[in-house]
Each structure stands twice: as structure tokens, then as C-alpha cells.
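Colleague: Dropping the structure in here first, questions after.
The values are calculated or read from the model by the stated rules, or taken from the named source; none is laboratory data. It should be emphasised that the depicted structure is a prediction, and the values quoted were computed from it without experimental measurement. Please note: Cβ atoms are built from the backbone with ideal geometry, for glycine as well, and neighbour counts cover all protein chains shown. Surface areas here come from the heavy atoms of the whole protein model, side chains and all, with no ligands, DNA or RNA. Shrake-Rupley method; radii C 1.70, N 1.55, O 1.52, S 1.80 Å.
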Amino acid sequence: QICNQHNAEDPNLEQAFHRMAQTEPNLDHDISWFVLPSYWAKTVVALISFLCFANSYDGDFVFDDSEAIINNKDLRAETPLGDLWHHDFWGSKLSSNTSHKSYRPLTVLTFRINYLFAGGFYPVGFHVINIILHCTISVLMVDVFSILLGGLQFSNKGRRLNLAPKTSLLAALLFAVHPVHTECVAGIVGRADLLCALFFLLSFLGYCKAFRENKEGHNFSIFWVLVSVILGAVAMLCKEQGITILGLNAVFDALVINKLNVLELIQKFLHKDKSLENAGLLRKGLLFRITLLMSGGASILYIRWKIMGTGPPAFTEVDNPASFADSLFVRAINYNYYYSLNVWLLLCPWWLCFDWSMGCIPLIKSASDWRIIALAALWFCLIGLISQALCSEDSHKRRILTLGLGFLIIPFLPASNLFFRVGFVIAERVIYLPSIGYCILFTYGFSLLSKQAKKKKILAVAVLGILLINFMRCALRSSQWRSEEQLFRSALSVCPLNAKVHYNVGKNLADKGNQSAAIKYYREAVRLNPKYVHAMNNLGNILKERNELQEAEELLSLAVQIQPDFAAAWMNLGIVQNSLRRFEEAEQSYWTAIKHRKKYPDCYYNLGRLYADLNRHIDALNAWRNATVLKPEHSLAWNNMIILLDNTGNLAQAEAVGREALELIPNDHSLMFSLANVLGKSQKYKESEALFLKAIKANPNAASYHGNLAVLYHRWGNLDLAKKHYEVSLKLDPMAPGTKENYNLLRRKLEQLQKKGG
């Protein structure tokens, strides 16, 4: 059992605490801050972390959620569970050249469980789990910070002592309310970072448990060291950063358990000092434990690489422009500038954006760029902190600064571009774990200021003010993540040069039917990035719908010229060419789209429409049949097959196709309507009537449904019912073609019958 809080009523614990206090300075001593029992400290942290993000619980699926959740077939029950271990985070095969290689099967598994329990894509359950995970992690941070700031000490009964209750609570609160965490908590795909952080911390706490019976590094539990390695592997199966905990455990072991002085060790190594063995490096157990950690980590990475298959992922220049720069100087300068911006987001998390790519941060191309100041400031601070961490005579300061820098830097390494190219410029989600290091350094700085300050309460109030500001910023940012409209618009002021921001605002407007406003944002996206083929494609689509065919063709032609394998743009270009009656070019464009995307049902559907316009009925039917094979629920393709067969007099074949379609899509009222028309012409009036009535029940305001049912009754001789449905049809659509004429014919017939009856 781990004890998280010093209990002043237990004399054994009190003695142990005082023994420790005599050997090492206590950070809490000079801080004017409140002390809470462990249970209450964790309750406060849990409550505050919950309140920060509670307003995101009923948010929508936004941004990357669509691809990772809604369009991810791995979440559905019909997908074999084993596929999760061969697919990436987005549901693509890892062996595919287009895969991002983000291997996070455990995260996808939790999404799948969410989906199954909710019975569909209902975002509330997904958001609630994210909030609970962040609260759990924040509570665990109380334990983690008590070890990192106060050291690892156990009582005679094996209970861990919290020697820094004030500072550990402050650091945990800083972590809980940091606004940079909003993307991870309020964005559902951020669950990868949350799960990774959870097992990351459990791995660290498990490693600490290995030393419960420790006497100066000689006794430890191999079981808990192995548990720590396994938990590190689990963290990596949630997100790639998780593997870095093994390195941090090794650093913690060397600095805290074995109390190594890194500078002294380096000096002895350089001077080949024979007392090196006594410096602690070869102390019993340390090398063995580090060997376990490193061999475990190497094995995990090897297995991960084998699963990944074809090598590292392929990213484009717009994803990470600095990594494509020819000059090593330009790459190095920009990478360091990105690091400084990440640090700035930790220090001042006011300007937050869902995406920092596509021109949001222009490249630094010369040493005269004023932004070089940010790099100088970053390295000035880092060198100062590193020198203190290595050279300070205060062992307590050395330990805390080294641990703070370790937790700040090591979890960030996979996102640093140092080992491999990453697919982003800045991503707030990857700072979730490094923020632990920031909280350590902030809290330590606060304790040093408190030691020097005469008015400690004013300093404490200032820190409370920072916590309150961060809390309010979290609440505001969480509300922005509730819908795509708010999220995308919030980015316009932060990254006005980001083409993707304008593209997403435009797409959101287009989805809501506001085409005029969408055009404005799509045009700006293309202006900012003249090679933005997705913006060109969407803008071309809108212009096509507005019958501005010439400009639509120019944009789509440019898009496929820039990206020749862009299947959607080829299909849309074919639609425009078809509208311009350039049928041969349209057919060629459709087949080019299918060449680049073999399973493309919508393209087969449009190809079928082209063939129908050219009276190539067999080709049209074959194209629509291909569409339904690839996508059995493709209602439009089924409908067109039924209508074409009906119009060409193939009623028996039309009926067979209609019945086949309704078996696959039994609740589609348009299919019921088309089949009912065929059955009516085949004089199967009763069955036709049943389908018409069923279609009307599903869609009672369709004038054509009532009009055609009236025609059926008219043929069948049920004139009163025919009159009733003609009148309903005309009420719904007074200009319905043919209905008024049929209604007038019926009225004349009824009048004649009345005269005869009279």
C-alpha cells in the first residue's frame, strides 16, 4: 500500500519524516500555502480538473474526430477485433504506403467500446470518458509530484511518505488547469494522449514501488521493475510518446535512488579516475535495472517497427515545411523556433489553435529574422537551468532541476523532428506529458521566490491568480471545442495565415448551406496556399452547383495537375465536363478517378449517369451495378437502375432489381416508390398500393408519392381515393407535372358518372 500523505498522528511516520527533513531541504517550508490531508488534496484536484472541462461533455465530434471515429471501420462490431492490431489510428492498414503509421490499438479499442455501449456515434459518452481520464491523471499527479519534489521515502512499515504536501498539491493544480491540455480533453482523439499519460504515470509509480524495501540502492523488486516496463509498453500502444517513460525511470533511478552527481561522474570519467566505481554508477543493482529498462524498451521498439511494416510515414511539405528545407541551417533554426513556441504555450497558453500548419508559422530563412530572439531566449534559459542542474552545490536543487528538465524534454523527443519527420509544426496535444516538467520547474521557482520574499502571502495570491486565469481559459477553450464552427473561427485570429483554418471554416459553412460565405473562405485558402488541392476541389464543387462551370473546370483541372492521383477531383472534373456536354473528356476523367481509387462507388454512379445520357443503357446498368457491389446501400444507383429498366420496358427485370434493393435497404422510401411504380404498371395493384402507402408514411410531404398513388387508384378504378391523393399532391405542389391534368381528367370522369347515375 502506498501512503500519499504524511500523517502527523503516527509517531513512526513523524520520526521518519523528521529524519528525512534533516538530510534534505524541504520545499514546503517557506511556502505560504495550505496543507490538506491526502484524500482532500486529491478530491480538490479532481473537482477542479473536472470543472475546467465539464462544459465539453456534450460537444460534437469535431475536426480529426470524423476520420478517427466516425469514418473508422475498426469501431464497428462487424470488423474483426484482430484488425485493430494491423491497422493504424485512422483505420488504414499499417502496410499501406499512405498510412500515417500511428499505431495506437488500445486507444482505438476504447473508442470501439464507447461505440458499442452507446449503440452508435453519440459523442457524449466519448467526451465523458476523456474528462474522467484527465481527472484521474490529475489525481495521480499529486503522488507523482510528491515524489519528484519531495523525494522517495518510506516509513518502517513500507508506506510512502509525502514530504512535499504543499508543493505537490500546487504542481498538481497547475497541471489540472493548464489550458494547453484542452485539445487532449475536449477533442475526442486526444484520448490517445490521455491514455498514454495514464499508463506513463502508472509505470513511474510502479517503478517507485520497486524500492519499498530499498536500503541505499541494494534491495529492490525485480517484479515491479518488469511491471513498469510492461506499463510503458501499454502506454506506447496508446500513443508513441509512452515509451519515453523507460528513459525517465532510468534518470529517476540514477538521480533519486542512487543520488548520482552527473557533473562529478563526467569529470571522473574524463580523468579516468579509478574511484569511478565508487561514484555510484556501478552501485549494486543500478546497471542491472537500467539494463532491464533499456532492453525492454529496445524490444518494444523492435516489435513496433516490425508491425509498422513499410518504414516511416510519408508526410507532405504543408504538414511540416521546415523538415523539407534543403538547408541544414534553415531546418535547425526553425526546429528550435518551434521548440521555443512550445515552451511559450506552456508559459502563456493564451493563443491556442487546433492546427498550426499551412503557413501559420512562416519559415525563418535568414539570421536577420527578428524571431531569432525567441531561440536566443530559449537557449539562454535552458543553458542556465542545465548549468544549475549540473553545477549547483545544492544536491536538492540539482535533483529537482534535472528531473524537471527531464520530464520537460524527454517526452517531447518523439515530436522534436530529431529522430524522424513528424506530420505537424506544433501540436498542443504533444505537450500534455512535457507539461509535467513545466509544473515541476514552476513550483520549484515559486518555492525559491517564497524563500526570498518578505510578503509571502502576496506571492501566494499571485499564484492563485494564475490558477484562476488558467481555469477560466480552460473553460473558454473547452466551449470552443464543442462545435466545429466555434473551433475553426477561434483559429482565425490566432493563425490568419493558415490556409487550413480558412478551408475548415469554409467547409463548415458549406455543410450548413451558406455557399456564398464558403466561397470567400475557400478562395482565401487557395490564395494563401496556391497548391491546396482540397480547397480547389471543394470550391470547384460549389461553383459547379452554382452553374459557374468554366471556373469550376479551371480549378479542378489545376487540382489534378498538382496532384495527379486526386481521385475526388478527377470525378468532380468529370461531372463538370459532363455538364458542359464534353462527354468523351468526362468519361476519361471518371475512369482516371477509378484508376486511382479502385473502390469508388460514387464515381461509378456518375459514370452510369453519363452513359444513360448517351443512351448507352447496358454500360449505364453495369456502372450502377458496380456502384452497388462496392456500396450495397447506394440508394441512388439502385433507383437509377430501376427507373432505367422501367423506362425501357423491362418491367420484370426492374421488379427483380427493386426487390433486391429493398432487401438490402428496407427502409428507403425512394426505393419503395420506384418499385411501386413498376408493380403498378405490371397491374400488381395491391402490392403497389402497399408500397406507396409505406413510402408516404415515411415521407408524407412528397407530392409525387401522392400523385403516383392517385394514378394507381385511377387505373385500378378506386376513383374516390384517386381524387383524395390528387388533391393532397396538388396541395403540396400545385405545379406538379401531369398531376393537374390527371386530376382534371378524373373530375370529368366523375362528373360523367354522376350524370349517368342521375
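Colleague: Given the C-alpha centroids of the stretch 688-746 and the stretch 36-107, what is the distance between them in whole angstrom?
Modeller: One Cα centre to the other: 50 Å.
Colleague: Same structure again: Can you give me the % of accessible surface on the stretch 642-688 that is carbon or sulfur? Probe 1.4 Å, all protein chains present, nothing else counted.
Modeller: Values: 1120 of 2220 Å².
Reported share for carbon and sulfur atoms: 50 percent.
Colleague: Hey, another quick one. Pull up the cross-link candidates among the lysines for residue 694, meaning alpha carbon to alpha carbon under 26 Å and not fewer than 8 places away within one chain.
Modeller: Within the straight-line cut-off, residue 694 pairs with 631, 681, 684, 686, 723, 724, 731, 740.
Colleague: Might you tell me the accessible area per residue for the stretch 599-693, computed with a 1.4 Å probe and given in Å²?
Modeller: 46
Colleague: Next up: With a cap of 13 neighbouring Cβ atoms within 10 Å, and only residues DSSP puts in a loop, list the trypsin sites (Lys or Arg not before Pro) found in the stretch 305-404.
Modeller: Those satisfying the criteria are 365.
Colleague: Report the extension gain between residue 156 and residue 647 in nm, rounded to one decimal, defined as 0.36 nm multiplied by the number of residues separating them, less their alpha carbon distance. Could you put the intermediate results ahead of the total?
Modeller: Working: separation 491, 0.36 × 491 = 176.76 nm, distance 9.10 nm.
So the extension gain works out to 167.7 nm.
Colleague: Please list, in order along the stretch 251-265, the HN-Hα scalar couplings obtained from phi with the Karplus expression 6.51 cos²θ - 1.76 cosθ + 1.60 (θ = phi - 60°), rounded to whole Hz, x for Gly and Pro.
Modeller: 4, 4, 4, 5, 7, 9, 6, 9, 6, 6, 9, 4, 4, 4, 5
Colleague: Which listed residue (574, 153, 728) has the Cα farthest towards the positive end of the charge dipole for the chain, taking +1 on Lys and Arg C-beta and -1 on Asp and Glu C-beta about the Cα centre?
Modeller: It is 153, whose Cα lies furthest towards the positive end.
Colleague: While we're on this one: Do the sum for the chain: with -39,500 (n - 2.57) for every DSSP H run of n ≥ 4, divided by all residues, what is the mean residue ellipticity at 222 nm, to the nearest 500 deg cm²/dmol? Could you put the intermediate results ahead of the total?
Modeller: Values: 32 runs with 481 residues, N = 758.
Value at 222 nm, helices only: -21000 deg cm²/dmol.
Colleague: For the stretch 48-101, with only Lys/Arg (+1) and Asp/Glu (-1) charged at the beta-carbon, what is the dipole magnitude about the Cα centre, in debye rounded to 20? Walk me through the numbers on the way to the answer.
Modeller: Numbers: 4 positive and 9 negative charges, 46 e Å.
Computed about the Cα centre, the dipole is about 220 debye.
Colleague: Would you work out the relative contact order for the chain, in percent, from Cα pairs under 8 angstrom that are 6 or more residues apart? Please report the intermediate quantities before stating the final value.
Modeller: On the way: 1108 pairs, mean separation 79.5, N = 758.
This gives 10 percent for the chain.
Colleague: Too long at a 24 Å Cα-Cα cut-off: which of 73/598; 42/239; 259/456?
Modeller: Details: 73/598 18 Å; 42/239 26 Å; 259/456 31 Å.
As for pairs spanning more than 24 Å Cα to Cα, those are 42/239; 259/456.
Colleague: Using the Karplus curve 6.51 cos²θ - 1.76 cosθ + 1.60 with θ = phi - 60°, what ³J(HN,Hα) values do you get for each residue of the stretch 726-742, in whole Hz, with x for Gly and Pro?
Modeller: 4, 5, 5, 4, 5, 5, 6, 8, x, 9, 4, x, x, 5, 5, 5, 5
Colleague: Any chance you could check the Cα centroid distance between the stretch 441-469 and the stretch 343-422 for me, in angstrom?
Modeller: That distance is 23 Å.
Colleague: Test of understanding: what is the full-extension gain from residue 54 to residue 305, defined as 0.36 nm times their sequence separation minus their Cα-Cα distance?
Modeller: 86.5 nm
Colleague: To the nearest 20 debye, what is the magnitude of the charge dipole of the stretch 439-550 about its Cα centre, counting +1 on the Cβ of each Lys and Arg and -1 on the Cβ of each Asp and Glu?
Modeller: Using only the charged Cβ atoms, the result is roughly 720 debye.
Colleague: If I model a spin label at residue 85 and residue 591 as a point 7 Å from the Cα along the Cα→Cβ vector, what separation in nanometres do I get?
Modeller: Placing both labels 7 Å beyond Cα along the Cβ direction yields 4.4 nm.
Colleague: Quick check: pseudo-label points 7 Å beyond the Cα along Cα→Cβ at residue 741 and residue 664, how many nm apart are they?
Modeller: Those two pseudo-labels are separated by 3.5 nm.
Colleague: Averaged over all directions, how much area does the convex hull of the C-alpha atoms of the chain cover when projected, in nm²? Please report the intermediate quantities before stating the final value.
Modeller: Numbers: hull surface 168.5 nm².
Taking a quarter of the hull surface, the average projection is 42.1 nm².
Colleague: Which lysines does residue 451 reach when only Cα atoms under 16 Å apart count, and residues fewer than 8 places away in its own chain are ignored?
Modeller: Within the straight-line limit of under 16 Å, residue 451 reaches these lysines: 166, 397.
Colleague: Using alpha carbons only, how many degrees (0 to 90, rounded to 10) separate the axis of helix 601-613 from the longest principal axis of the chain?
Modeller: Tilt of helix 601-613: around 20 degrees.
Colleague: OK, next. What's the angle, to the nearest 10 degrees (0 to 90), between helix 328-347's Cα axis and the longest principal axis of the chain?
Modeller: 80
Colleague: Taking K and R as +1 and D and E as -1, what net charge do the other residues with C-beta under 12 Å from the C-beta of residue 252 add up to?
Modeller: +2
Colleague: Let me ask another. Based on alpha-carbon centroids, what's the gap between the stretch 586-617 and the stretch 499-524 in Å, whole number please?
Modeller: Value for the Cα centre distance between the two parts: 28 Å.
Colleague: What list of ³J(HN,Hα) couplings, whole Hz, do you get for the stretch 461-469 from phi and the Karplus terms 6.51, -1.76, 1.60, once you set θ to phi - 60° and write x for glycine and proline?
Modeller: Using θ = phi - 60°, the values come out as 5, 4, 5, 4, x, 4, 4, 5, 4 Hz.
Colleague: Within 15 Å, Cβ to Cβ, of residue 133, how many net charges do the neighbouring residues add up to if Lys/Arg are +1 and Asp/Glu are -1?
Modeller: On the way: positive: 104, 191, 239, 429; negative: 183, 193.
Summing Lys/Arg as +1 and Asp/Glu as -1 gives +2.
Colleague: I need the calculated FRET efficiency for the pair residue 383 and residue 547, taking r as the beta carbon distance and R₀ as 45 Å, to the nearest 0.05.
Modeller: Using R0 = 45 Å, I get an efficiency of 0.10.
Colleague: Pairwise over distinct Cα atoms, reciprocal of the mean inverse distance: report the Kirkwood radius of the stretch 700-757 in Å, one decimal place.
Modeller: Values: mean 1/r = 0.0897 Å⁻¹.
This gives a value of 11.2 Å.
Colleague: Tilt of helix 395-409 relative to the longest C-alpha principal axis of the chain, in degrees (0 to 90, nearest 10)?
Modeller: Roughly 20 degrees between the two axes.
Colleague: Then there is this: Mind jotting down a quarter of the surface of the convex hull over the alpha carbons of the stretch 618-758, in square nanometres, one decimal?
Modeller: For the stretch 618-758, the mean projected area of the Cα convex hull comes to 8.9 nm².
Colleague: If the label point is 7 Å along Cα→Cβ of residue 96, which residues in the stretch 31-75 have backbone nitrogen under 19 Å from it?
Modeller: 64-75
Colleague: While we're here: What is the list of residues in the stretch 670-703 whose amide nitrogen lies under 14 Å from a point 7 angstrom out from the Cα of residue 733, following Cα to Cβ?
Modeller: Backbone N within reach: 670, 673-674, 696, 699-703.
Colleague: Let me ask another. Given a Förster distance of 30 Å, report the FRET efficiency between residue 132 and residue 39 from their Cβ-Cβ distance, rounded to the nearest 0.05.
Modeller: Details: r = 19 Å, r/R0 = 0.62.
Rounded to the nearest 0.05, the efficiency is 0.95.
Colleague: How much of the accessible area of the stretch 325-478, in percent, comes from carbon and sulfur atoms when a 1.4 Å probe is used?
Modeller: 72
Colleague: Over the stretch 700-757, average the accessible area per residue using a 1.4 Å probe and give it in Å², no decimals.
Modeller: The answer is 64 Å² per residue.
Colleague: Roughly how many percent of the accessible protein surface of the stretch 700-757 is carbon and sulfur, given a 1.4 Å probe and a whole-percent answer?
Modeller: Heavy-atom surface of the stretch 700-757 belonging to carbon and sulfur, 1.4 Å probe: 52 percent.
Colleague: Sort the following peptides by mean Cβ neighbour count (other Cβ atoms within 10 Å, averaged over residues), highest first: 141-152, 688-699.
Modeller: Most protected by this proxy first, the peptides run 141-152, 688-699.
Colleague: Now for a different question. Give me the net charge for the shell around residue 600: Cβ to Cβ below 14 angstrom, other residues only, Lys and Arg +1, Asp and Glu -1. Walk me through the intermediate numbers first.
Modeller: Numbers: positive: 595, 597, 598, 599, 631; negative: 565, 602.
Surrounding charge for residue 600 is +3.
Colleague: Efficiency by 1/(1 + (r/R0)^6): what FRET value for residue 76 and residue 580, r their Cβ-Cβ distance, R0 = 51 Å, to the nearest 0.05?
Modeller: 0.80
Colleague: Same structure again: So with the 1.4 Å probe, I'd like the accessible area per residue for the stretch 325-478, rounded to whole Å².
Modeller: 47
Colleague: If I model a spin label as a point 7 Å beyond the Cα along the Cα-Cβ vector, how far apart are those points for residue 295 and residue 324 in nm?
Modeller: So the two model labels end up 4.4 nm from each other.
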